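All remarks here apply to the structure that follows.
The values are calculated or read from the model by the stated rules, or taken from the named source; none is laboratory data. These numbers were taken from a predicted model, which means no experiment stands behind them. For neighbour counting, all protein chains shown are included, and Cβ atoms are generated from backbone atoms with ideal geometry for every residue, glycine included. These area figures cover heavy atoms from the full protein model, side chains too; ligands, DNA and RNA do not enter into them. Shrake-Rupley method; radii C 1.70, N 1.55, O 1.52, S 1.80 Å.
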Amino acid sequence: MEGIFYKIRPQITEIIIKLLKNNLKIERFLISFTIQIIILKKPLSFILVFFFGLSAISQNYSLPNSKKKDKINFQLVNNLVIIPVSINGKELSFILDTGASHTLLFSLTDIDSLEIKDVSKVKIRGMGSEGLIDALKSKNNTVAIGDTKALAQTLYVVYDETVSLSPKMGVPIHGVIGYDFLKDFVVETNYNRQKLIVYNPSMYRKKRSRRYAQFKLDFENDRPFINAVITHPENEKEVRLLLDSGSSDALWLFDEKNGIVADPQNYFNDFLGTGISGAIHGKKSKLESLSIGNFSFENVKVSYPDSSALKELSFQEDRDGSLGGAILRRFKVVINYPEETLTLRKNSHYNDPFHYNMAGAVFEQNGLISVEGYESNGGYSLKPKNNVTLAGVVEIMVNPILYQFMAPRFVLSEVRENSPVEKAGLKIGDVLISINGKEAFKFKLYEINALFSQSREGKRIQMVVSRNGIEMEFRFTLKKVL
């Protein structure tokens, strides 16, 4: 069915599924897609890793004639770079992922409509236990990022509603883009200023300052790898890591011998994330150190997925793990795909500590909730009330106006076993009403989850949730795991 033009709308997903049951050409390739929920500096994190075993010919991206560079503002959420991407004229939000070989589109329910072209059926296999899932391969699409543009681009479309990052991050995420875009430019990521600078390689001047360090990248299957040195209680080892800006974690290692010790135990079991084929579990720990050239970090957070999640990796490159956004955001990063080099310069976050979730809870944004509140004196309150100032003066809410408005609905999505949250009695599915007296709608999602990792150990948390329509209050104390 090559050459067919599709206009996808969320309400016609069932029609697409029926079409896919026809005898279309099935192209099988391997894709590993992991959503990892981990608490760090910005705590809710995701690992997106893509392995494509088929090659698709797409036109290169390019800047307008004679233009040297283009600056693109991005949003930094949970260590991930989110950039505006236009697909066939539709403005969307994508994660810039150096670990992605091709462009993947999902979260169609967040999109009013989208035109995709030249569609055929493919099968996608992901981390987890549920096996192959249906997807669409679409060719000859026009994709624009800032002033850069490419025609005849190939996209892969996953229309399963359960594959969505938007609820996990609290902002719209419609897909990931990597090698297809990055291969044509020198790309500088300024994490502090949240700016992406895309250079025409022929006009780019290399960084000459002593504050920059350059590393040679090893490319395999269109994905960049770098060597690093890890130190753990057993020994010191050089490891080969995928350079993965689509992972908000610091480090993933696949062999538990690289850091896990049973006596005395230096790890805890946890839910690591969700792949497109099922849940992923494993261990979390800390390494004594991680070194990349002359750059060195101590007490680095690391995750070890269990063997069931790694069984698909036998088809992929020989590597020890992945280096993610929690490390990259500590630098100004220049990745030069044409010359296969990585250039790093420390920024103000270089010495930030590595944290774990001390509550054992993760919230996600799940729809909207109706909130009745009062506005007066320039602020909102769930109830009309008077305030007493430090001077003992009573501040009266004058003519409070009742408002009813829609606010994000935050739902408890993960509870770690034997954690403070579990011991307090909170359960998955509880809807957040307030934290320490502050209404939930006054938070952003990452602020809620950050409270559990960035606060001091011993901080007391008072939480009001709604369970089956009944408001309940819980109290617990943050406690370090490692």
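The table that follows gives values for the structure above.
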| read-out | value |
| --- | --- |
| Accessible area (Å², 1.4 Å probe, nearest 10) - Leu76 | 20 Å² |
| Separation of the Asp147 and Lys444 label points, Cα + 7 Å toward Cβ, nm | 2.8 nm |
| Anisotropy class of the range 172-217 from Cα gyration tensor, a/c 1.5 cut | prolate |
| Under 5 Å, built H, 5+ apart or other chain: amide partners of Ser93 | Val85, His174 |
| Among the listed pairs Lys71/Lys479; Lys71/Lys286; Lys286/Lys459; Lys71/Lys346, those beyond 32 Å (Cα-Cα) | Lys71/Lys479; Lys71/Lys286 |
| Stretchable slack from Leu368 to Arg456, in nm (0.36 nm times residue separation minus alpha-carbon distance) | 28.6 nm |
| HN-Hα J in Hz across the range 259-264 - Karplus 6.51, -1.76, 1.60, θ = phi - 60°, x for Gly and Pro | x, 7, 10, 8, 9, x |
| Amide H contacts of Phe219 (H built 1.01 Å from N, under 5 Å, at least 5 apart or other chain) | Phe225 |
| Within-10-Å neighbourhood charge of Val465 [Cβ basis; K, R +1; D, E -1] | -1 |
| The range 407-482 - convex hull of the alpha-carbon atoms, volume per residue in Å³ | 91 Å³ |
| Derived scalar couplings ³J(HN,Hα) [the range 235-248; Karplus, 6.51 cos²θ - 1.76 cosθ + 1.60; whole Hz; x for Gly, Pro] | 5, 10, 8, 7, 10, 9, 10, 5, 7, 10, 5, x, 10, 8 |
| 5 angstrom amide H check on Gly282, placed H, neighbours 5+ away | Asp270, Leu272, Asp306 |
| Virtual spin-label span in nm between Ser307 and Lys183, 7 Å along Cα→Cβ | 3.6 nm |
| Residue-wise HN-Hα coupling along the range 194-208, computed from phi with Karplus coefficients 6.51, -1.76, 1.60 (Hz; x: Gly, Pro) | 6, 10, 10, 10, 9, 9, 5, x, 6, 10, 7, 9, 5, 6, 10 |
| Qualifying trypsin sites (Lys or Arg not before Pro) in the range 227-305, DSSP loop, other Cβ atoms within 10 Å at most 14 | Lys257 |
| Computed lengthening from Val481 to Asp255, 0.36 nm per intervening residue step minus Cα-Cα distance | 79.2 nm |
| Summed residue charge, Cβ within 10 Å of Ala152's Cβ, Lys/Arg positive, Asp/Glu negative | +1 |
